[in-house]
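The structure appears below as structure tokens.
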Amino acid sequence: MSAEPLLSVSDLRVGFATEGGLVQAVDGVSFELAPGEVLAIVGESGSGKSVTAQTVVGLTRSANARIEGSIRLGGAELTEAGERELQAVRGERVGMVFQDPMTSFNPVYRIGRQLTEALLAHRPEATGAEARARAVELLGSVGLPGPERQVDRYPHELSGGMRQRAMIAMALMLEPQILIADEPTTALDVTIQAQILELLRRLNRERSLATILITHDFGVVAEIADRVLVMHEGRIVERGDLDRVFYSPADPYTRKLLGAVVRLDQAPPLRQSRGEPPLLEVSGLVKHFPVKRGLLIDREVDRVRAVDDVSFSVARGETLGLVGESGSGKSTLSRSVLQLLAPTSGSVRFDGREIAGLSRRQMRPLRAQMQMVFQDPYASLNPRKRIGQIVSEPLRIQGVASGRELRGRVHGLLERVGLSAAHYRRYPHELSGGQRQRVGIARALAVEPKLVIADEPVSALDASIRAQILDLLAELQGELGLTYVFVAHDIGVVRHVSDRIAVMHEGKIVEQGPADQVCERPVHPYTRKLLTAVPVPDPREARARRASSDA
Amino acid sequence: MGRFIARRAAGTVLVLFAVSLIVFLIFNVIPDSNPAQNMAGRNASPTLVAGIEEEWGLNDSLPQQYATMMRKVFSGDLISYEGREDVDERIVEGIPATFSLCIGAAVIWMSFAILFGYLSARRPGGRLDRLLTVVSVTGISVPEFWLGAVLLNYLAYRLGVFPSGGYVPLTEDPLEWAYHLLLPWTTLSILYIGLYSRVLRSNMLDALGEDYVRTARAKGLSARQVMTRHVLRNSLAPIVTLFGLDFGALLGGAIAIEYVFDLNGIGLYTFESLINQDLPPVIAVVLFGAFFIVLFNALVDVFYAFLDPRVKLGRSAR
């Protein structure tokens, strides 16, 4: 490192006092950040990477936090700084961007108000008009169309990608030298992720903005980082230049993480179609939502065509991947197939029987045969119920088993999805994200369904956990002869598990076919857009792709 | 916005219509006894009963009876047969006292509730928080009529620091007005201060864990700016809802407080009418009270949209 470091952290230790004793979240971390470089800190949830980043600007300070070591920013020692000094550093010298741009903005204030607040907090002499002009200028430079209008909108009126751009603009209001981006793309679709990474790269280049990027995803790292730190259980287990870490990782943990990354070009062997009639046959399915308006009585003035004449079929034992961005209609489609939403028109044949238009009562005996696995294993498990209750609920509702037999079956299910009987009495919050998703799968499998619709089952999980869950799903499919519809925004993940892929865009299926064909010889431009958005966990390839897209 | 207000207003009218129907059913249709007899009071002569029967059209069809009743309520010729008073006049006379009591108390309780809630949430578990918790829970637990009587006994009768009740109109003497209302205001506020500050405190503690609070800190705002602009501001919605319900109900008459402090307001009138089983005023005060409850519920819904722009007015209208 030739230049004087902007930031140097040495032997940082952060512990939190809890009822169960001191939890050492960060355990002796040292690193330096040079002007204008992009440093990626990679690790799984709980590795201490976010705590490290937030401690730099004192955001983890609290009555039960123990912070030791040294954090030097431009000659000042921040671990000993008072709250006022730290306030002067936050925003002014270090800007921060967080994971979820929806919850990270205050929902009750306009975007402009939140941006100008950052400036006015540090420059009381500035006028509101100056601050607003700066906000408009920055929103424009991070790529928001019509920034003069966007400043007066509320966060919920922007799309996820636009919100994250606005968040980045907010972090830049005072032209900090350092930007800390904590999982900035994890809550976004891959296509939007590609755009945000491109923006971060451009800001780094044009403003020589030193960036610390916190992520769990090596694909993201390969796209953007100069140097990499790998964190595990509060320590740095590997550090080095991007290519060195990727191509000759020294630490076994790094190798494990790299090995766990799901790659686009790794597809499962094709299953032979057995020539039976398909398990699920959807034809001409339409789901419209009316848009109503009127002074006292609603009239239908327009309709949202969420699912617009969709047809596909899924053979027994096969996996159909359904890909598309948020808002493409894929979740509405899966719900309409399961009759959780009543389709506007069209036909859904399940196991040879027409189920579109069946009443709730008529659907009830069929429910056991078609189950769903949901995206967010945090939100979709009732936090007040024990794991055993959650998994046994569908069995009790369907009246399949009770008492000792029920308990035995639940134990068996838990073991089958890689948990143990010891988890039976635990609560969801005591489990990791991956374990929770295993519970979600066990619940879906409890009633021995024929069809499982998995709606973004791995997108809320760490990259390293994704592979495990995908493998589990594949294994269960083999054992139990399950049929899957696998819904996701990341075509890389979809390819990893699917026999065939259907690409959804604006309520229609724009392309479908065997997975290899769709991924290697895409016909529709939208499919190509999805494919190029998938981050490649390979720095050389990522550079080559960037070079070709720049040219 | 205009659309939302129009819908809400239409809804309010509908609810009031329903309330008036229920009142009509309860007083004139359901009872087994003769409604005219009930209305006439306890020691009524047969001629009076016959007169009421005639006046209220009690031999007409039910819709006609309902129309007659509503016409009487709204045209102002509703008469209490017990005291031979004009009911609407008595209600109008009672408005200044009741409104002075409620509005004054509301200002006090909202100010202190927000202050106490804020101070508690600033350092949860701290000494001030624990003290305010004790104060709040005590306030919630003490019955208001008891507290009013105790305050009167010590501060008015024994020490003579405060007047022993009664209402002095604001237009007559503003100082005396406030002096006479100070004890009733305090008594009425204490329960609500306790309740609202508890609710605000727990909402603020929830808000403290939100991502946008972390963002606000990361921007370099001071702890106070974070607390007031982001945490407090986002925690107000639930107590605004509570306020709409409580305040609307109180405007229809704060029965216990008005009785204890001898404030000649709607609550006291309600109390007397109930004791005397004087039906016409009871009908009127029930409708009057219902009007304010429904009105303030509608106002809260509109105010909500200002507090939280995510509230989609068109959708929440039903």
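The values are calculated or read from the model by the stated rules, or taken from the named source; none is laboratory data. Treat the numbers as computed from the prediction; the structure is a model and nothing was measured. Because the Cβ atoms are built from the backbone with ideal geometry, glycine has one as well, and the counts that use them run over all protein chains shown. Heads up: the accessible areas ignore ligands, DNA and RNA and are worked out on the full protein's heavy atoms, side chains in. Shrake-Rupley method; radii C 1.70, N 1.55, O 1.52, S 1.80 Å.
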#### Entry: Inter-probe distance in nm under a simple model that places probes 7 Å from Cα toward Cβ, at B:Leu48 and A:Ser62
7.0 nm
## Note on the structure
In whole Hz, the Karplus estimates of ³J(HN,Hα) for region A:201-214 (6.51, -1.76, 1.60; θ = phi - 60°; x where Gly or Pro) are 4, 5, 5, 4, 6, 6, 9, 6, 8, 5, 10, 9, 10, 9
### Summary
Rounded to a whole %, the carbon-and-sulfur portion of the accessible area of region B:223-318 at a 1.4 Å probe is 65 percent
### Residues of region A:305-367: accessible area per residue with a 1.4 Å probe, Å²
44 Å²
### Query
At the nearest 100 Å², what buried accessible area, both sides summed, do you get for A and B when the probe is 1.4 Å?
2700 Å²
#### Entry: Amide H partners (placed H, <5 Å) of A:Gly28, local residues excluded
A:Leu12, A:Arg13, A:Val14
### Query
Taking all protein chains as present, what is the carbon and sulfur share of the accessible area of region B:127-177, in % to the nearest whole number, probe 1.4 Å?
67 percent
### Query
log10 I(q)/I(0), Debye, Cα-only region B:1-45, no solvent, q = 0.32 Å⁻¹?
-1.01
### Summary
Checking B:Gly57, B:Gly253, B:Gly165 against a Gaussian network model of chain B (alpha-carbon springs below 10 Å), the top fluctuating residue turns out to be B:Gly57
### Task
Any chance you could check region A:76-91 for residues losing 40 Å² or more of accessible area when the partner protein chains are in, compared with the chain on its own (1.4 Å probe)?
A:Gln87, A:Arg90
#### Entry: Separation in nanometres of the label points that stand 7 Å from Cα toward Cβ, at A:Lys256 and A:Arg201
3.1 nm
### Delta accessible area of at least 10 Å² on complex formation, residues of region A:132-158, 1.4 Å probe, chain isolated as reference
A:Tyr154, A:His156
### Summary
Those residues in region B:287-311 that give up at least 20 Å² of accessible surface, probe 1.4 Å, once the partner protein chains are present instead of the chain by itself are B:Pro309, B:Arg310
### Query
For chain A, what's the relative contact order in percent, using C-alpha pairs closer than 8 Å and at least 6 residues apart?
16 percent
### Query
Taking square-rooted eigenvalues a ≥ b ≥ c of the alpha carbon gyration tensor, is region B:211-318 rounded, prolate or oblate, where a/c under 1.5 means rounded and, failing that, a/b exceeding b/c means prolate?
oblate
## Note on the structure
In this structure, the FRET efficiency calculated for B:Ile140 and A:Ala126 from their beta-carbon separation, with R0 = 56 Å, to the nearest 0.05, is 0.75
### Query
Which of B:Gly166, B:Gly125, B:Gly194 moves most in a GNM of chain B, Cα contacts under 10 Å?
B:Gly125
### Task
Go ahead and run the numbers for FRET between B:Tyr154 and A:Leu358, Cβ-Cβ distance against an R0 of 41 Å, rounding to 0.05.
0.05
## Note on the structure
Note to self: with every protein chain in place and a 1.4 Å probe, region B:168-318 gives an accessible area per residue in Å² of 41 Å²
### Task
Could you tell me which helices of chain B pass both thresholds, a Cα extent of 30 Å or more along their own axis and a mean Kyte-Doolittle hydropathy of at least 0.5, with helices taken as whole DSSP H runs?
B:2-24, B:87-122, B:174-208, B:279-307
### Query
How much FRET efficiency would the formula 1/(1 + (r/R0)^6) give for A:Glu233 and A:Ser345, where r is the Cβ-Cβ distance and R0 is 41 Å, rounded to 0.05?
0.15
### Message
I need the shape label for region A:128-286. Rule: rounded when a/c is under 1.5, else prolate if a/b > b/c, else oblate, with a, b, c from the alpha carbon gyration tensor.
### Response
oblate
### Task
May I ask you to give the percent of accessible area on chain A that is carbon plus sulfur, with a probe radius of 1.4 Å?
48 percent
#### Entry: Cα centroid separation - region A:44-73 against region B:90-134, whole Å
40 Å
### Query
Check A:Thr79: other-chain or 5+ apart residues with amide H under 5 Å from its amide H, H built from backbone geometry?
A:Ile71
### For chain B: Kirkwood Rh in Å [reciprocal of mean 1/r, alpha carbons]
22.4 Å
### Task
Please report Rg over Rh for the protein assembly as shown, where both radii come from the alpha carbon positions and Rh follows the Kirkwood definition.
1.05
### Task
For A:Arg425 and A:Glu80, calculate 0.36 nm times their separation in residues minus their Cα-Cα distance, and state this gained length in nm to one decimal.
119.8 nm
### Query
Counting only heavy atoms of protein chains, what accessible area per residue, in Å², does region B:1-141 have with a probe of 1.4 Å?
54 Å²
### Query
Cα to Cα, under 17 Å, and not fewer than 8 places away if on the same chain: which lysines meet these conditions relative to A:Lys292?
B:Lys312
### Task
Give me the number: length gained by fully extending A:Ile397 to A:Arg303, i.e. 0.36 nm times residue separation minus the C-alpha to C-alpha distance, one decimal in nm.
30.2 nm
